[in-house]
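Report on the structure given below.
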Amino acid sequence: MRLPLVAFLLLAACGPPDGPAASEVASPDLTVHVSGLACETCAASLTAALEALDGVEAVAVDLDERDQRADVALAPGHRVADAAVREAVTDAGFTMRHVERPTTPSP
């Protein structure tokens, strides 16, 4: 698979991990577990890719080496398919391990 030039340049500019992202998503609608994040530039690239998906309102990336992930908040009534998430993550130059969706308790 060929990486787009922009993704290659972003990956080349990465330094050591800087720790978790400053922002948080209080109640994520989905958590995207990824690998390949190395720095804040990587986090910004993944954030932009996920925010480009229809219905995504906010993204917070955690660079923790043990559990690299992006918490995603969706606009009310929106749903994003796992395939669309995987494509966005891959196009940004990273590997999606899996998507976790919180379960809603029964009333």
Ignoring ligands and nucleic acids, what accessible area does Asp71 show with a 1.4 Å probe (Å², nearest 10)? 30
Provide the solvent-accessible area of Thr31, counting protein heavy atoms only and rolling a 1.4 Å probe, rounded to the nearest 10 Å². 20
Tally Lys and Arg at +1 and Asp and Glu at -1 over the other residues with C-beta under 13 Å from the C-beta of Asp29: what net charge comes out? -2
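The values are calculated or read from the model by the stated rules, or taken from the named source; none is laboratory data. Treat the numbers as computed from the prediction; the structure is a model and nothing was measured. Here Cβ is always computed from backbone atoms with ideal geometry, including for glycine, and neighbour counts include all displayed protein chains. Surface accessibility is based on the protein's heavy atoms, side chains included, excluding ligands, DNA and RNA. Shrake-Rupley method; radii C 1.70, N 1.55, O 1.52, S 1.80 Å.
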